[in-house]
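The values are calculated or read from the model by the stated rules, or taken from the named source; none is laboratory data. For clarity, every value in this text was computed on a predicted model and none was experimentally measured. Every residue, glycine as well, gets a Cβ built from its backbone with ideal geometry; the counts of neighbours run over all protein chains shown.
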Amino acid sequence: MKREPHPFARFINILGRGKTLTRSLTVAEAEDAMAMILDGQTLPEQLGAFLMLLRVKEESPDEIAGFVRAARARLAPPADAPPVDLDWSSYAGKGRQLPWFLLSALALAQSGRRVFMHGAEAHTEGRVYTGTALRALGVPVAASLEDAAGRLARENFAYLPIDSLSPPVADMLELRPILGLRSPVHTFARMLNPFGAPAMLQGVFHPGYMRLHRDAGLILGQPRLAVFRGEGGEIERRPGKPCDLMLAIDGAGLDERWAPTIDEPRQAPDESMDLARLAALWRGDVEDAYGEAAVVGTLALALRTLGAAEAGAGAEARAAALWGARERSRFAAAA
């Protein structure tokens, strides 16, 4: 008996027709394809083939934008959620340095800006993920979008793991050890922005993904977006290195280069990765020139993304003042 082609097969056909006939999906095609995946209308064989064909071809901005649209359409933030200022993704984890960026986000939230963070829990051995670090600080991890909305209203900060934000997207992220390769899911998950924050900050490990994120943001009409190569792939400034920042501001692309802020271009890996040092630096109990430079430098990039500071010295000075005004007693030392 002749079998009718599966409805999803057309997307695999577009991506797998060889060097001369293969093309990228349009935004609409990508949205339709991801909608079928997220709604459970595909077979496992199709999903694996789809993701790996995209990986070989390399995803396009149109495809990422379409995937994001489909995923956002299936998220349901509460109607009474407070407005969020900055969407902050955290999917890479840290392996060489502590997640100093968390102190940047928390200081920004304490200054009055609402920061929503979303990301992955442990999926690569030997890396410290955001949920683990926040729990070590005593900062609760949200359990749902409703819970996150409440925390944003009360505390100006919330972190929600992708497992709770979008279980189907989380399931696709977990395919990495099975497929053996990173897939486009690692790109579009960072851009979900479920609360529709007008500013979005992105960190990548491979510089080639910077333009992909920026161009996808332009297609999506993101009012303000900044992307840079962060330490370990997270949104964290590498203070000893120049920082190339790609921005999308009100529909226009802009490139900036920020100078290093310390004279140590190569920072030795942190052998202990002692999370207690995060709270100690916040309180001022320890001195860590690298950690403080990473915190202030990341804060400066966040302020630039928000439109609260211009590039360069002005942003750095404002970030240093904001960090200096933090409530140092927030993370009390253990008795």
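Taking the conditions (1) within 16 Å of the chain's Cα centre (by Cα); (2) under 28 Å from Leu278 (Cα atoms) in turn, Ser144 satisfies each one other than (1).
Per this entry, Ala280 is counted among residues that are under 17 Å from Ala136 (Cα atoms), over 25 Å from the mean Cα position of the chain (by Cα) and touching a residue at least 12 places away in the same chain (Cβ under 8 Å).
Give me the residue from segment 15-30 that is of a type in the set (A, V, I, L, M) and surrounded by fewer than 17 Cβ atoms within 10 Å (Cβ to Cβ) and, out of that set, farthest from Glu58 (Cα to Cα). Step by step, filter segment 15-30, then rank; the result is Ala28.
Assess whether Leu15 counts as being farther than 20 Å from Ala120 by Cα, at pLDDT 95 or above and more than 23 Å from the chain's Cα centre (by Cα). Against the criterion (farther than 20 Å from Ala120 by Cα, at pLDDT 95 or above and more than 23 Å from the chain's Cα centre (by Cα)), Leu15 qualifies.
Before we move on, is Ala268 of a type in the set (Gly, Ala, Ser), touching a helix residue (DSSP H, G or I) at 6+ places or on another chain (Cβ under 8 Å) and in the same structural domain as Glu310 (by TED's automatic domain parsing)? So Ala268 fails the test.
Select from segment 244-263 the residues that are charged (D, E, K, R), surrounded by fewer than 14 Cβ atoms within 10 Å (Cβ to Cβ) and in contact with a Pro (Cβ under 9 Å, 6 or more places away or on another chain) and list them in ascending order. Once the filter is applied, which keeps residues that are charged (D, E, K, R), surrounded by fewer than 14 Cβ atoms within 10 Å (Cβ to Cβ) and in contact with a Pro (Cβ under 9 Å, 6 or more places away or on another chain), segment 244-263 yields Asp250, Arg257.
For segment 299-335, taking the residues that are surrounded by 13 or more Cβ atoms within 10 Å (Cβ to Cβ) and modelled with pLDDT under 95, the one that is nearest to Arg214 (Cα to Cα) is identified as Ala311. Of all residues in segment 93-133, those satisfying the criterion of being touching a helix residue (DSSP H, G or I) at 6+ places or on another chain (Cβ under 8 Å), small (Gly, Ala, Ser) and outside any strand (DSSP E or B) are Gly93, Gly95, Ser104, Ala105, Ala107, Ala109, Ser111, Ala120, Ala122, Ala133. For segment 124-132, the condition holds for no residue, the condition being that it is buried (at least 19 other Cβ atoms within 10 Å of the Cβ), out of contact with any Gly (no Cβ under 8 Å at 6 or more places or on another chain) and touching a residue at least 40 places away in the same chain (Cβ under 8 Å).
Taken together, Ala49, Ala65 contain a single residue that is closer than 25 Å to Gln222 by Cβ and of a type outside the set (D, E, K, R), which is Ala65.
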